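Step one of this worksheet: look at the structure below.
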Amino acid sequence: MNWRAIQTLYISEMARTGRTLGQSVISPVISTCLYFVVFGSAIGSRISEVQGVSYGAFIVPGLIMLSLMTQGISNASFAIYFPKFIGTVYELLSAPVSFVEIVTSYVGAAATKSAMLGLIILATSTLFVSIHIAHPVWMVVFLVLTSITFALFGFIIGIWADNFEKLTVIPLLIVTPLTFLGGTFYSLDMLPPFWQKVTLINPVVYLVSGFRWSFYNTADVSVGLSLLMVCLFLSVCIGVVAWIFKTGYRLKS
């Protein structure tokens, strides 16, 4: 394993955060604050508690998950797409580094940035509501696994996309709607029985539910199933990335 190459690429990607601080950190934090104002205050004034937790505190895990998913995808997809766009990806592919080292660097940086943003949003949320983390170790586990998984997913999108518009198609038209419909702002118990069963098709439900359990010891689905779904999605993403580098899909053409 070429740790020097990993370190160089990782530091290079992390340095880009400083140059795009407004887009990478400030904008998501402001958006989260707006969610608290709109949902936490307006809707929270009508819904006092959900599963024994104040509504403002109840939506915190969902908002953190929303940021982890969208920012993880955005950071990783742009990180690999831009070298493709300007042609420097060929220099990277011809360098004495393996695909494992390339993926570790880019995905590691994207996951680090999204996890840091999640922690910043968690700290920001304490300005609005009182938060208690019942299982801090599991909270970190879900945070890290989700960050890595969606960074890998974003890496795949960045390789698949052949223009800037395609970078935003999947996050805007698929991931964000699934997140809003995945229990971010409500409990599945609040839905009619039929829609409770339909919603279980949404994979985001399991991510949000497991993460919320680590905070308040309450979940819509079992914690074991939530962890299994995260690991399954992670395994699929790893398999797809391995196939991409093995076949050179949209990298060598």
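Where a number appears in this text, it was derived from the coordinates with a stated rule and is not lab data. Quick caveat: nothing in here was measured; it's all calculated off a predicted structure. Glycine also receives a Cβ, built like all others from the backbone with ideal geometry; neighbour counts cover every protein chain displayed.
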Longest principal axis of the chain (C-alpha) makes with the long axis of helix 223-247 (C-alpha) an angle, in degrees to the nearest 10, of 20
Fewest-first ordering of C33, C237, C231 by Cβ atoms within 10 Å yields C231, C33, C237
Taking the simple approach of a point 7 Å from Cα along Cα-to-Cβ for both L232 and V169, what is their distance in nm? 2.6
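Please work out the Cα convex hull volume for the range 179-253 and give it in Å³ per residue.
Numbers: hull volume 8.5 nm³, N = 75.
Taking the convex hull of the Cα positions in the range 179-253, it is 113 Å³ per residue.
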The range 42-140: trypsin sites (Lys or Arg not before Pro) in DSSP coil with no more than 15 other Cβ atoms inside 10 Å: R46
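What FRET efficiency do you get for L200 and R46 if R0 is 25 Å and r is their Cβ-Cβ distance, rounded to the nearest 0.05? Present the calculation step by step, with values, prior to reporting the outcome.
Numbers: r = 26 Å, r/R0 = 1.06.
Step by step, r from the Cβ atoms, then E = 0.40.
For H135 and N2, calculate 0.36 nm times their separation in residues minus their Cα-Cα distance, and state this gained length in nm to one decimal.
Details: separation 133, 0.36 × 133 = 47.88 nm, distance 3.58 nm.
Contour length minus Cα-Cα distance gives 44.3 nm.
Fewest to most neighbouring Cβ within 10 Å: what's the order for L63, L181? Don't jump to the answer; show the numbers that get you there.
Values: L63 26, L181 16.
So the ranking, lowest neighbour count to highest, is L181, L63.
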Does anyone have the angle between helix 204-216 and the longest principal axis of the chain? Alpha-carbon axes, 0 to 90°, nearest 10? 60
Rounded, prolate or oblate for the range 59-111? Axes are the square roots of the Cα gyration tensor eigenvalues, ordered a ≥ b ≥ c, and the cut-off for rounded is a/c under 1.5. oblate
How would M1, M229, M116 line up from fewest to most surrounding beta-carbon atoms within 10 angstrom? M1, M116, M229
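Can you classify the chain as rounded, prolate or oblate using the Cα gyration tensor, where a ≥ b ≥ c are the square roots of its eigenvalues, rounded means a/c under 1.5, and otherwise it's prolate if a/b beats b/c and oblate if not? Walk me through the numbers on the way to the answer.
Numbers: a/c = 2.08, a/b = 1.79, b/c = 1.16.
Here the chain falls in the prolate category.
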What FRET efficiency do you get for T126 and S98 if R0 is 45 Å and r is their Cβ-Cβ distance, rounded to the nearest 0.05? 0.60
Using helices alone, I'd like the mean residue ellipticity at 222 nm for the chain: each DSSP H run of four-plus residues gives -39500 (n - 2.57), total over residue count, nearest 500. -22000 deg cm²/dmol
